[in-house]
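Shown next, in structure tokens, is the structure this report addresses.
The values are calculated or read from the model by the stated rules, or taken from the named source; none is laboratory data. Bear in mind that the values here come from a model prediction, so they are computed numbers and not experimental data. For neighbour counting, all protein chains shown are included, and Cβ atoms are generated from backbone atoms with ideal geometry for every residue, glycine included. In case anyone asks, the SASA skips ligands and DNA or RNA and just uses the protein heavy atoms, side chains included. Shrake-Rupley method; radii C 1.70, N 1.55, O 1.52, S 1.80 Å.
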Amino acid sequence: MDVMPKWAEVILVPLISLLLAAILSAIVILAIGENPWDALKLMVDGALGSTYGWGYTLYYATNFIFTGLAVAIAFHARMFNIGGEGQAVLGGLGVALVCLYIPFPHWSLALIAASVGAALFGAAWAFIPAILQAKRGSHIVITTIMFNFIAAALLNYLLVGALKPAGSMEPATGKFPESTNLPSFQDMFSFGEATLFRGAPANISFFVAVAACIALWALIWRTRLGYEIRAFGHSESAAKYAGISPTKIIVISMLISGGLAGMMAINNVQGEAERLVLNAVEGAGFIGIAVALMGRSHPLGVFLAAILFGFLYQGGAELALWTSIPRELIIVIQALVILFTGALDNMVRGPLERLFLLRRQPPKPDRKSTSAEGAN
């Protein structure tokens with residue numbers, strides 16, 4: 001029987017962890033001579049106070065949804081896929097090859113094909129560490145970290161060689177054909193003279209990310225495969241006794257995880273840059289780890305945590321622009337959020353569990369009343 005109700009596990013623990021991180025962040029801002037309340041108002045206004053701010057917040061959140069879901073599905077199978085960065089890099093390569101070398105009459109067909117290409121390349125990059133763990137016992141953390149560096153080196157080699165347009169000095173591919181360009185939020189939500197999300201990079205891939213959340217929820221909690229993944233994650237020995245193949249679960253979970261990480265490229269490569277450049281991932285693969293931890297590996301939690309980190313990214317950019325607070329401070333705030341929601345999770349969980357246990361204990365009987373009843 002669980003000590004805490006599910007709502008407390010999913011909502012209360014992350015919320016308290018977030019409040020503690022915010023308090024420490026405020027102390028750090030005070031220490032550098034700035035007003036924490038003014039900084040918070042500036043972040044909220046810059047990230048949420050206009051459609052432009054929302055456009056950037058949702059753009060970053062889209063990246064984090066994909067990488068957060070990638071980490072979450074691996075967590076359910078008791079694996080720590082720290083290779084989302086490299087898998088997203090290879091996903092970008094898949095998007096670039098599809099968009100550059102296949103002619104498309106309409107962006108909708110290009111989006112479907114690019115999504116498939118990104119997922120296949122990301123899954124292929126996750127397959128090798130998966131099979132190494134399933135067959136050879138190699139630790140998934142070590143192999144996926146190594147594959148991040150290999151992916152970066154491979155992309156660098158291709159962008160200064162085979163994929164670089166003739167005469168260009170920049171390590172990047174050429175612009176994708178116009179028929180592959182995804183509609184931005186400005187294109188989708190501006191009517192007449194009212195122009196919303198002007199200049200913001202958010203695009204239709206945000207709705208693909210939301211669909212991925214729903215699909216992953218259905219997979220994990222409404223299918224036999226999802227049950228097998230969760231059973232394996234809870235107890236490998238019990239899963240093997242029930243006839244579940246560890247090799248199958250490890251490989252399939254990592255393929256799904258790599259595919260989701262790779263699909264991030266439809267947002268930043270096809271949707272925003274409209275070409276493949278170096279460092280396009282910008283650390284989103286690692287932020288996905290924090291998003292999955294804070295979201296408790298549940299698709300809804302991942303979605304909400306991704307919005308939070310999107311807010312931190314965009315709000316941090318506004319802080320760096322309008323105050324003397326350095327951009328690196330946002331990395332400190334993100335680190336504090338990760339620290340409290342991950343490493344110090346038990347510091348919050350322990351007192352809450354004791355509190356809920358106290359509420360469940362029945363009241364002790366009154367000694368006077370029991371002795372009186374015995375005398376009668």
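Overall, the accessible surface of the chain at a probe of 1.4 angstrom is composed of carbon and sulfur to the extent of 66 percent.
Could you compute the net charge surrounding residue 170? Neighbours are other residues with a C-beta less than 13 Å from the C-beta of residue 170; K and R count +1, D and E count -1. Within the 13 Å Cβ shell, the charges total +3.
Apply 1/(1 + (r/R0)^6) to the Cβ-Cβ distance of residue 38 and residue 188, taking R0 = 22 Å, and write down the FRET efficiency to the nearest 0.05. Let's see the in-between values first.
Working: r = 34 Å, r/R0 = 1.55.
That gives a FRET efficiency of 0.05.
A Gaussian network model of the chain, with springs between Cα atoms under 10 Å, assigns the largest mean-square fluctuation among 90, 163, 321 to 321. Of all aspartates and glutamates in the structure, those lying under 16 Å Cα to Cα from residue 164, and not within fewer than 8 positions of it along the same chain, are 274. Rounded to the nearest 10 degrees, the inclination of helix 140-159 to the longest alpha-carbon principal axis of the chain is 20 degrees. Inter-part distance, region 106-166 to region 300-356, computed on C-alpha centroids, equals 29 Å. Residues considered: 341, 173, 223. Largest GNM mean-square fluctuation over the chain, using C-alpha springs under 10 Å, is found at 223.
Solvent-accessible surface of the chain, taken per residue with a 1.4 Å probe and all protein chains present: 49 Å². Here the Gaussian network model covers the chain, with springs between Cα atoms less than 10 Å apart; of 182, 93, 42, 42 fluctuates the most. Rounded, prolate or oblate, given the Cα gyration tensor of the chain, with a/c below 1.5 counting as rounded? Because a/c hits 1.5 or more and a/b fails to exceed b/c, the chain counts as oblate.
Is the shape of region 1-113 best called rounded, prolate or oblate, per the rule: a/c under 1.5 gives rounded, else a/b larger than b/c gives prolate, else oblate, with a ≥ b ≥ c the square roots of the Cα gyration tensor eigenvalues? Note, shape of region 1-113 comes out oblate.
Between rounded, prolate and oblate, where does region 76-234 land on the alpha carbon gyration tensor, with a ≥ b ≥ c its root eigenvalues, rounded for a/c under 1.5, else prolate if a/b exceeds b/c?
On the way: a/c = 2.47, a/b = 1.30, b/c = 1.89.
Oblate, because a/c is 1.5 or more while a/b does not exceed b/c.
Counted by Cβ distance under 11 Å from residue 253, the other residues give a net charge of +2, where Lys and Arg count +1 and Asp and Glu count -1.
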